[in-house]
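Report on the following structure.
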Amino acid sequence: MNELRDQVCAEKEYMINLRRDFHRHPELSLQERRTAGVIEQELERFEISHTRIGATSVLGILRGAQSGSGVVALRADIDALPIQETNDVEYRSQTDGIMHACGHDAHTASLLGAAKVLSQNRDRFGGELRFLFQPAEETGKGAPDFINAGALDGAERILGLHSAPDLPLGTIGLTPGLNNAAVDHFRILVHGKAAHVSTPQLGADALYAASQIVVAIQGLVARRSSPVEPVLLGVGKFAAGTTYNAVAEYAELEGTTRTISQETRLQVREWIDQTAEQIAAISGAEARVIWSDITSALINDPQVSREAAEVAKGLGDHIQVVTNRPLSLGGDNFAEYQRFVPGCYAYIGTANTDLPSTLNSLHNGNFDLDENALVLGAGLYVGYALWWLGRQEKP
Ligand code: NI
């Protein structure tokens, strides 16, 4: 393990350079063409075969030289966000309005660093390693493509990781069970009837109806759902009307729900559908709710979490493993893979009090991370993959 650790540490500069390159050139979900190209070019150098799934998903496959079977999947997300970077750093985003504000640049660099080290150690394992460089995590679109293309077929384990500014560098969060909420997105289209503002009786006010819907659906959380099970409901966008003195014919809301059980997830959808339709009807308007699934709840397999925790502790004496990181109502569509393969999502601490920008939260224009975390992420990928495929004694 020490020797492997040294091999991973030797790739630190390589990973930092890659991370900074991705950071300078962020790309939005399903537009990660340059990023996918860089990933392929690196896999090519390590003699890891690869294929594209969809426009920007890259699947790398590395077979071990030993006899034996077994398949482990390692996943990193690769997309950026429509956020303007406010950090004044040498590697700041060169694209206005787009930024790696969720650390996916670091995840991609860590997995490439791991792929490099694993390719140099192919004589130490049998079976197959699959590297899933997943686009469109932020929009919940990337994971199903890999699943539908059979990238998980035969996989026995899947491991993924995410940067965690809430944890100090050197800490790895490996919480068994529920980690993140299920996420859904909704659009509510309200269709009324236009009229002069002085004759409301001739119209149906879509703006007024939509306003009532915003207020009423919050009441579902307070008065319909169980107070002991978290349900979150947020409307983040509201558009209506054309001018100040006309009854608005159309209104549109956009929002999201966060739930932790499938039963509640479906129930909340039904409540929102009913509430929107009935409230619109009171104003003589009509409402239609359009749902899209972003991700299921993220639930770490207890056994895989224990295995990964054992590997994480082996990464160094200074490593702290926490198994009780609080539930987050943010989502991550790594959850989709875990529905098919026992898997674990690790949270790699990236905060360092000596570097104040690393204390800022994800999805902010001033988010940054301590790049020493790249080595820990890569170390976890490498250690876990070789441990499982090398058929060492299970923890
Ligand atoms: Ni993320």
For segment 43-60, take each phi angle, set θ = phi - 60°, evaluate the Karplus expression 6.51 cos²θ - 1.76 cosθ + 1.60, and give the result in whole Hz per residue in order, putting x for glycine and proline.
4, 4, 4, 8, 6, 9, 6, 8, 9, 8, 10, x, 6, 9, 8, 10, 10, x
Working out 0.36 nm times the residue gap between residue 291 and residue 254, then minus their Cα-Cα distance, what length gain in nm do you get to one decimal?
12.3 nm
What the Cα atoms of the chain span along the principal axes, largest first and in whole Å, is 80, 43, 40
Could you list which residues have their amide H under 5 Å from that of residue 300, counting only those 5 or more apart in sequence or on another chain, with H placed in the peptide plane?
177, 178, 179
Calculated from backbone phi, Karplus (6.51, -1.76, 1.60) coupling profile of segment 173-184 in Hz, x at Gly/Pro:
x, 10, 9, x, x, 5, 10, 9, 6, 6, 10, 10
Cα centre as origin, Lys/Arg/Asp/Glu Cβ charges: segment 173-284 dipole, Debye:
160 debye
For segment 274-281, just list the computed ³J(HN,Hα) in residue order, Karplus coefficients 6.51, -1.76 and 1.60, θ = phi - 60°, integers in Hz, with x standing in for Gly and Pro.
4, 4, 4, 5, 6, 5, 4, 4
Put +1 on the Cβ of every Lys and Arg and -1 on every Asp and Glu Cβ in segment 31-182; which of 98, 76, 65 then has its Cα farthest towards the positive end of the dipole?
65
Most packed first (mean Cβ within 10 Å per residue), the peptides 67-79, 84-96 order as 67-79, 84-96
Taking the Cα centre of segment 1-96 as origin and charging only Cβ (+1 Lys, Arg; -1 Asp, Glu), how large is the dipole, in debye to the nearest 20?
260 debye
The set of residues whose placed amide H lies less than 5 Å from the amide H of residue 99, leaving out same-chain residues fewer than 5 positions away, is 81, 83
If each DSSP helix of 4+ residues adds -39,500 (n - 2.57) and the sum is divided by the residues in the chain, what number results at 222 nm, nearest 500 deg cm²/dmol?
-10500 deg cm²/dmol
Ordering of 40-52, 187-199 by packing [mean C-beta count within 10 Å, highest first]
187-199, 40-52
Can you pull the percent of segment 272-385's accessible area that's carbon plus sulfur, 1.4 Å probe, other chains left in place?
49 percent
If you average 1/r over every pair of different alpha-carbon atoms in segment 268-390 and take one over that average, what Kirkwood value in Å do you get?
18.1 Å
Of 190, 175, 118, which is farthest towards the positive pole of segment 107-232's charge dipole, taken about the Cα centre with +1 and -1 on the beta-carbons of Lys, Arg and Asp, Glu respectively?
190
Where does each of 311-322, 293-304 land if you order them by average Cβ count within 10 Å, highest first?
293-304, 311-322
Does segment 19-118 come out rounded, prolate or oblate, given a ≥ b ≥ c as the square roots of the eigenvalues of its C-alpha gyration tensor, rounded meaning a/c under 1.5 and, failing that, prolate meaning a/b above b/c?
prolate
Suppose every K and R has +1 on its Cβ and every D and E has -1 on its Cβ; what is the size of the dipole of the chain about the Cα centre, in Debye to the nearest 20?
580 debye
May I ask you to give the solvent-accessible area per residue for segment 116-158, in square angstrom, as obtained with a 1.4 angstrom probe?
31 Å²
Mind listing the long-range amide H neighbours of residue 58? Cut-off is under 5 Å, sequence gap 5 or more, other chains count too, H placed in the peptide plane at 1.01 Å from N.
53, 133
Helix 206-223 versus the longest principal axis of the chain: what is the Cα-based angle in degrees, 0 to 90, to the nearest 10?
60 degrees
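The values are calculated or read from the model by the stated rules, or taken from the named source; none is laboratory data. Worth saying up front: this structure is predicted, and the values here are computed from it rather than measured. All Cβ positions, glycine included, derive from the backbone under ideal geometry; neighbour counts span all protein chains shown. In case anyone asks, the SASA skips ligands and DNA or RNA and just uses the protein heavy atoms, side chains included. Shrake-Rupley method; radii C 1.70, N 1.55, O 1.52, S 1.80 Å.
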